[in-house]
Amino acid sequence: MQAMTTAPAPPAALNDDACWQAVAQRRTASDGLFVVAVRTTKIYCRPSCPSRTPKRENVRFYPSPSAAETAGFRACKRCRPREGARPDAVLVREICAAIEADPGRAPTLADLSARFGKSSFHLQRVFKRITGVTPKQYAEARRTHRARTALRGGNGVSAAIYEAGYGSSSRLYERAGERLGMTPARYRRRGEGMAISYTIASCDFGRMLVAATERGVAAVKFAASDADLEDELRSEYSAADIRRDDASMHPHVASIVESIAAGTGSALRLPLDIRATAFRIRVYEALRQIPLGATRSYSDIARAVGSPKAVRAVGTACAQNPVAIAVPCHRVVREDGSLGGYRYGLDRKRAILDRERSAATREAPAERKPVVASR
């Protein structure tokens, strides 16, 4: 098998998640910005290719057909990704290049408008429609990407900050939790030093693991055995200091067990500290707004987060919800009202919903404000 080279990130996509979302939605607006290559078939396509959507683990993203071909892939004969890109896609590529050209100073919307001869409104609308973010958000994300790369490469934190184009250390640190998922120094150490406490207890649905950082609950999981639960936690947080601490975790566990037993929804008031993309955080916030005893469709949630076409991405976010019950992904059903899927089995999903409906008829749910901290 031919070795595959490491390709630069697609210039108008912030990360692999953004590219995958465009592919899952077959987003025509993203055609010309990048191509998606499938390792099992050695074929690359447009994001909107009507062929069957490949498995996520089998795809790679390249900024151009040439880059994909250099890596050993051949063009799809169905979507013909080598044919000319749409004018809007060309414009977005040029805007991205302009932003990349001067990492120390991101051009303003007015600068870009004057440079490309387009109104600020038109330019921003086109850019956001195709990439999902504004030019300013794109510039910030690229600077953060450069900082992340420099930190991974072993540069000192201060050097990485200035290499990335930040004018001072405070500019990076003030948004480190949001952008990097942890402080720059901790990111450089692959997350070493993060402390996670956990416990395992019995509930009406079997064995349940609850884990938390100092900021809030990070995991709520069900499994057939304690060993499976512990293995999954350590796999997800391989560099963290993970310790069992039944005493400190008791309040969290008691709240969740009570919620399961009575269907009261009390676990929804737990503070959370979960690892997730910005899109998934929006989905989880929307799930926490679903009233006790009610359900919403995947399409309802997609509209609620401002991405009506991202139904599949919403489904993926629900399937990978790290804090069952606390973020009530069990309240999301199909358009026809059928249960759909659930990571921990449809019997559990049906039982949880039945209990919550019964609880909702007994008492009006208290007003709840979501507390989700993204790392």
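Bear in mind these aren't lab numbers, they're just calculated from the coordinates by the rules spelled out. The structure presented is a predicted model; accordingly, all values stated were derived computationally and were not measured. Cβ: placed from backbone, ideal geometry, glycine included. Neighbour counts: every protein chain shown.
For a modelled paramagnetic label at Ser299, 7 Å from Cα along Cα-to-Cβ, the residues of the stretch 332-352 in reach, with backbone nitrogen under 17 Å, are 332-341.
If you sort the three axes of the alpha carbon gyration tensor as a ≥ b ≥ c, you get a/c of 1.5 or more for the stretch 212-275 and a/b above b/c, which makes it prolate.
Take 325-336, 287-298 and order them by the average number of nearby Cβ atoms within 10 Å per residue, most first; the result is 325-336, 287-298. Summarising the label geometry, the points placed 7 Å from Cα in the beta-carbon direction at Asp16 and Glu100 lie 1.9 nm from one another. The simple spin-label model puts a point 7 Å past each Cα toward its Cβ; for Glu57 and Thr134 those points are separated by 3.9 nm.
Checking the a/c ratio against 1.5 first, then a/b against b/c, what shape does the Cα gyration tensor give for the stretch 193-334?
Prolate.
Note on Thr131, Thr70: ascending count of other Cβ atoms within 10 Å places them as Thr70, Thr131, the fewest first. Normalising by residue count, the stretch 275-338 has a Cα convex hull of 76 Å³ per residue.
Between Ala261 and Thr361, the simple label model (points 7 Å from Cα in the Cβ direction) yields a spacing of 2.3 nm. When only Cα pairs below 8 angstrom with a gap of at least 6 residues are kept, the stretch 195-268 shows a relative contact order of 33 percent.
Taking every alpha-carbon pair under 8 Å whose residues sit at least 6 apart, the stretch 16-75 reaches a relative contact order of 37 percent.
In a fully extended conformation the segment linking Phe121 and Glu335 would gain 73.5 nm over its present Cα-Cα distance, using 0.36 nm per residue.
The listed peptides 27-35, 351-359, 39-47, ordered by packing as a protection proxy, come out as 27-35, 39-47, 351-359 (highest mean of other Cβ atoms within 10 Å first). Across the stretch 318-345, the residues whose backbone nitrogen lies under 16 Å from the label position 7 Å along the beta-carbon direction of Glu232 are 318-330, 341-345.
As a proxy for reagent exposure, ranking Arg82, Arg143 by other Cβ atoms within 10 Å from fewest up yields Arg82, Arg143. Loop-located GluC sites (Glu not before Pro) in the stretch 18-85 (DSSP state not H, G, I, E or B) with no more than 12 neighbouring Cβ atoms inside 10 Å: Glu83. Stretching the chain fully between Glu214 and Ala114 yields a gain of 31.2 nm (0.36 nm per residue, less the alpha carbon separation). Bridgeable lysines around Lys349 (alpha carbons under 23 Å apart, same-chain partners fewer than 8 residues away excluded): Lys221.
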